[in-house]
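One structure is given below, encoded as structure tokens.
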């Protein structure tokens, strides 16, 4: 007999085609995944929380001391001519100050101010006041990885020189430690500079912060005082020359007056004319201009030779110099960052050093241009002065013959006057520089001194714990989705339809076995209104409507492997169909029969015995289940068969099945698993419908797909699948539509039995 599902007049099988809406991302599904794995997520979160609490409690507290300074770009000076600054260079000024504060020189001054070298040798730094703090000098004994590797490797060990423990070396190391823990920041639109230092010793952190601030203020005063002192020295040397020149000119005037007996020069000045007066005035202005240019040139020359010229006004007012200096600072910071991350021979490190060297060359070249322009300005002023002097000399020669000795007298008097004015001008500048040298006002003031911190700056224990909780939730959720992705079993009927492209007829709820519950195989018989029975009735309805014009009468129930609930499905489906008409439960699993045991009937005679005596139906081969009005009958496997697949392929079994169809409206065949044996494929050729039982969250997807492939190759058309042993409580986590899978609708039959109709 051919499978009715393959006959031309049968209705084609339903093909599951997911809609576009189902293929879209459903956020509710993500929420269901989280709900299904909430216990694991909670456990992982608790573990991360415990680890976070332990780490937070065991971490060494670090204290942060902070001081505030106010820095005015305009230097305080008694000479108001130098009190100006280009507003476009204010930002560059503060960036420069930040680098000065973080410099090795300031750090060493702080070491000296706090006497840290002697305190370290005395062991005072190893005893911080805070019970939670660590020794300040701990980083001086850092683990030398390269040295340790050399000791581990079997290399020829040569005698190494003892480490340098001199005061100078220790001073540099202490300064480096201060630089590592120092932070300097400034406001975007204010003159405030914040200096902070972090250390495990709160008292030492405050001391170092205050020492850095004081050292920075002292450095500014020393730098300005040093510049004023150098200017004062140069002016003093110039005054000596001008004084000698003035005395010589006065002596020449006196000698001329004495030799020519000349006292009054008014008439001689009138005769000289306005032209000579104009030249004299121009000479004074040229000499003044030359003097000022000479002062600027000597100042920048001194600074240039000492390498401290970036704070001079000509440099601050030169945008190209400041741009190159800013670029050089940026590249220096980049080289420092790369040196901490890579080695000296790393390509990025080599390229960064090359860029820094180029930037330095460009910067020095631009500085040379500025210095050269000032030098040229001085030379131009000197040339102009010499030219005016030459003109005056020429005028003297021209007028010498006319004006005679009177003009020469006037010239000597003007020379004395010019020398006197130059001397007085330099004398005033010298006095101002001398006063500026002694002037101790600073453009940097300490607003708030650093106090000893009482609360650790880090670790922030509450925030650390919150991060641990958030991280735990993230890892837990990630683990849940990973576990969900790696789980290749069927969890819902949607999984069945999506992975197998077959309609799902329904689910069989899981029955937890205990002393009070009925076995799963007898659930429908014990209570036909229970949620379990309603699930079976839904399967029955789907099965009958799978071919509405010609509903199936012979139904084979099989599975991929054993223990997937196929016998439970077959038994309860037969009981449900018996509510419609006479139904026979036929056991064809001749290798491991179990129906007789579940039903509490004799195991033989049965199918094998009846096939041998096929002329007449054996009365004791079929057992009626229930009362006299019951329409459920069972035929067990019967006597042992040596070769079950040959028996099921025989004409005797086919004739038996045909004869039974004339007696019963529905025949449910409990078959063996497909992957274990080929019996189900043989019987599948003889029935109207085949149902594959799939155990929820147990049966592998590949196993079920292989089962369907084998049935398809055997020309067996599968009507649908049933998800068995479904935990209905867990199913609620897969969607709200599973919520009522384990609830009664109406009154249970057990309660109706106690009521009077």
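Rule-based calculations on the coordinates, nothing more; no lab input. Bear in mind the structure is a predicted one, so any value in this text is a computation, not a measurement. Cβ sites come from the backbone with ideal geometry, for glycine too, and all protein chains shown count toward neighbours.
Here are a few things to note about the model shown:
- Label point at residue 60 placed 7 Å out along Cα→Cβ; residues across the stretch 196-220 whose backbone nitrogen lies under 17 Å: 197-206
- Distance (nanometres) between label positions extended 7 Å along Cα→Cβ at residue 122 and residue 244: 5.5
- Rounded FRET efficiency, nearest 0.05, which uses the C-beta distance separating residue 353 from residue 30 and R0 of 35 Å: 0.10
- Between residue 709 and residue 479, the contour length at 0.36 nm per residue exceeds the alpha carbon distance by 79.5 nm.
- Rg and Dmax [Cα atoms of the stretch 508-745; Å; Rg one decimal, Dmax integer]: 17.1, 55
- Share, in percent, of DSSP beta bridges within the stretch 508-745 that are antiparallel, nearest 5: 10
- Potential lengthening between residue 301 and residue 526 on full extension [0.36 nm per residue; Cα-Cα distance subtracted]: 69.8 nm
- Point-to-point label distance, residue 254-residue 172, nm (Cα→Cβ direction, 7 Å offset): 6.2
- Spin-label model, residue 594/residue 185: points 7 Å from Cα along the beta carbon direction are separated by 7.0 nm.
- Estimated FRET transfer efficiency (residue 389, residue 369; beta-carbon r; R0 25 Å; 0.05): 0.25
- Order of 234, 31 - criterion: other Cβ atoms within 10 Å of each residue's Cβ, fewest first: 31, 234
- Shown is the FRET efficiency for residue 697 and residue 470, computed with R0 = 25 Å from the Cβ-Cβ distance and rounded to the nearest 0.05: 0.25.
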